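Nothing in this text is a laboratory measurement; each read-out follows from the coordinates by a stated rule. Note that the structure is a prediction, hence the values are computed from the model and not measured. Positions of Cβ are backbone-derived with ideal geometry, glycine not excepted, and every protein chain shown enters the neighbour counts.
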């Protein structure tokens with residue numbers, strides 16, 4: 001509650017936005033759809049992953065959740081930066097590797113901060129950190145396609161965990177009891 005009035009939980013929206021965007025990006029990196037999902041990633045990264053996550057960050061601020069504020073703000077900026085990087089075709093060698101490595105460090109810090117919240121938060125933090133490390137290595141220098149593809153597959157798992165967490169929060173909150181553990 002903020003100022004004695006009920007404020008909706010914005011985390012399910014942020015987790016769904018992150019999960020959908022990460023699923024598209026990761027499936028493209030894993031070459032799951034043979035290049036088909038790549039074009040959809042740009043618009044999704046801009047609007048769902050970027051703009052919606054920034055709005056969720058503001059809502060988390062209003063609820064007083066510093067971790068939610070920081071996570072959704074940081075990864076909203078991640079998706080906006082990713083959109084800009086890819087839409088402008090900025091292809092400096094190794095730049096995507098450095099970009100992913102910096103966010104892997106941020107993901108690790110968030111993982112340490114949420115480790116005590118739940119098994120799902122812990123799994124999400126671990127998978128996100130691992131995904132970004134593999135994506136960084138996969139994009140470093142000339143690139144390492146095996147690491148990029150593996151990072152894509154682990155990123156799909158990360159996205160599915162985020163989507164599960166969103167569903168869990170929505171469903172359990174709506175029914176007022178634990179239906180999804």
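As a length-normalised measure over Cα pairs under 8 Å and 6 or more apart, the relative contact order of segment 51-113 settles at 29 percent. Any idea what angle helix 145-175 forms with the longest principal axis of the chain, computed on alpha-carbon atoms, 0 to 90 degrees, nearest 10? On a 0 to 90 degree scale, this one is about 10.
With respect to the chain, whose longest principal axis is taken over its alpha-carbon atoms, helix 11-29 is tilted by about 20°.
Working note: Cα atoms of segment 18-108, range along each principal axis, descending, whole Å: 42, 24, 23.
Counting only helical runs of four or more DSSP H residues, what would the 222 nm mean residue ellipticity of the chain come to if each run contributes -39,500 (n - 2.57) and the total is spread over all its residues?
The per-residue figure over the chain is -24500 deg cm²/dmol.
Mean sequence separation of contacting Cα pairs (under 8 Å, at least six apart), scaled by the length of the chain, corresponds to a relative contact order of 27 percent. For the chain, the longest principal axis of the C-alpha atoms and the axis of helix 53-63 are separated by about 30°. Cβ crowding within 10 Å ranks 175, 84 as 175, 84, fewest other Cβ atoms first.
Note on segment 119-181: percent of Cα-Cα distances in each 10 Å bin, starting at 0 and stopping at the bin with the largest distance, equals 24, 37, 23, 12, 4, 0. Taking the number of Cβ atoms within 10 Å of each Cβ as an exposure proxy, the fewest-first ranking of 117, 63, 177 is 177, 117, 63.
Once the gyration tensor of the Cα atoms in segment 105-149 is diagonalised, the equivalent ellipsoid follows with semi-axes of 25, 10, 4 Å, ordered largest first.
Provide, as a two-decimal number, the C-alpha radius of gyration of segment 40-79 over 2.2 N^0.38 Å, N being how many residues it has.
Normalised by 2.2 N^0.38 Å, the Cα Rg of segment 40-79 equals 1.12.
Computed from the alpha carbon atoms alone, the convex hull of segment 8-58 holds 56 Å³ per residue.
Using Stokes-Einstein with the Kirkwood hydrodynamic radius over Cα pairs, what translational diffusion coefficient do you get for the chain at 25 °C and a viscosity of 0.890 mPa s, in µm²/s rounded to a whole number?
D, rounded to a whole number, is 149 µm²/s.
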